[in-house]
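First up is the structure itself, then whatever we jot down about it.
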Amino acid sequence: MKLRFAYIVLLFLSLSSFSLYAQDDDGDDAEDDNDDVSGTHNKSDGEKHYYVFSARANVTVPHPIGNSAFRKSFVGVYEAEVGFNVMLYKGLFIGGTVKNGELKITGNKIAGYNAIMEVDNAAGKIGGDLYIGDRNRVIFSAAISVGNNWTHYYNMVRKDPKDNNNRISIPLENSRFTTFFYEPEVNLFFLVDDNFGVGATLTYSVYTHTFDPYELSLNQWAAFDANPSGNTSYLSFGFGFYYNFLHKKK
C-alpha cells in the first residue's frame, strides 16, 4: 500500500510540475496597465491568466472498489467538497479542503437492510493547473489531498442472541472510526469567464482502514469471505466549478 501511495504521489506531483513548466512564457500573464483595483483583467484569446486565490467545489457520486466486502455492501449516494487554494507560481497551488459524503446499504445489496455510512474529511492539497488548447479556454487540473477522515455508520444492527427476530444496534465502538486518507483527483474545467469555470471531476479516495463486515455484524445478514482484506476505497465521478480572484502580477 505504501508503494502504491508513493507512485500516486509521484504521478500527481509530476502532473503538477508539468502544468508549471509546459506553459511557455511568450505572452503569458501580459499585464494591462489599466487593471482596476479589484484585480479584474480582460482576457484576450490565447492569453493565460493566473490568480492568487481560488475557491473550488465539486459534487460527485462514489463507486466502491477494492475491498470486495465493501463493494458487496455499499452504493454511493453523494460527496460534496469545498476548498480554498493559493497559487504559488504559474499554475502550481496549495490549499485546504473539506468534504462530506454518504454511502448506504440498500435492499438490492443486502435484502431487508437499510444503513448509512457518512464520511467527513479535512485535508491539505497540492496540485497544478494547465491551460490546454490554442484559445486557453480549457484547464486541466491535477492534485492530491492528504488528511484525516471521520466515518460514522448509522442504523447498523445485529440479531439479538436471545431472539433472532429482534434487531439491536451494533456496539458504539464498531459504528465509527477515524483514519488517515489520501485522494488523487483530476478536473477538466471549461472557462465560462476569465476566472470562472465548470467541468468534470474524477477522484480516487483511499482510507487506510480495512473494511470488515464482521465488525459491523453484516455477516449475520449476508455471506462474506472469512478474512476480509483491502482498504476502504472508491472512485467518484461528478462535476465541479472554480472561481479565481486577485489577478497575479508577473
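Within the range 56-72, residues that are free of Cβ contacts under 8 Å to residues at least 60 places away in the same chain reach partners that are crowded, with 21+ Cβ neighbours inside 10 Å with beta carbons closer than 6 Å, at six or more positions or on different chains, in the pairs Arg71/Pro64. A single entry from Ser145, Ser141 fulfils the requirement of being touching a Leu at 6+ places or on another chain (Cβ under 8 Å), small (Gly, Ala, Ser) and part of a strand (DSSP E or B): Ser141.
The set of residues in the range 201-237 that are small (Gly, Ala, Ser), crowded, with 18+ Cβ neighbours inside 10 Å and either out of contact with any Lys or Arg (no Cβ under 9 Å at 6 or more places or on another chain) or not in a loop (DSSP other than H, G, I, E, B) (or both) comprises Ser205, Ser233, Ser236. Scanning the range 73-87 for residues that are over 17 Å from Ile110 (Cα atoms), of a type in the set (A, V, I, L, M) and either without any contact (Cβ under 8 Å) to a residue 60 or more places away in the chain or loosely packed, with under 15 Cβ neighbours inside 10 Å (or both) yields a count of 3. May I ask you to list the residues in the range 184-240 that are aromatic (Phe, Trp, Tyr) and within 30 Å of Asn165 (Cα to Cα)? Listed by number, the residues that qualify are Phe211, Tyr214, Trp221, Phe224.
Of the residues making up the range 142-185, those that are within 23 Å of Gly128 (Cβ to Cβ) and buried (at least 17 other Cβ atoms within 10 Å of the Cβ) are Ala142, Ala143, Ile144, Ser145, Gly147, Phe181, Tyr182, Glu183, Pro184, Glu185. Restricting attention to the range 72-107, the residues being over 20 Å from Val206 (Cβ atoms), outside any strand (DSSP E or B) and either touching a strand residue (DSSP E or B) at 6+ places or on another chain (Cβ under 8 Å) or at pLDDT 95 or above (or both) number 2.
Which of the residues that make up the range 25-69 are at pLDDT 60 or above and under 17 Å from Asn244 (Cβ atoms)? Across the range 25-69, the qualifying residues are Glu47, Lys48, His49, Tyr50, Tyr51, Val52, Phe53, Ser54, Ala55, Arg56, Ala57, Asn58.
The values are calculated or read from the model by the stated rules, or taken from the named source; none is laboratory data. This structure is a prediction, so every number in the text was calculated from the model and none was measured. Methodologically, a virtual Cβ is constructed for each residue, glycine included, from the backbone with ideal geometry; neighbour enumeration extends over all protein chains shown.
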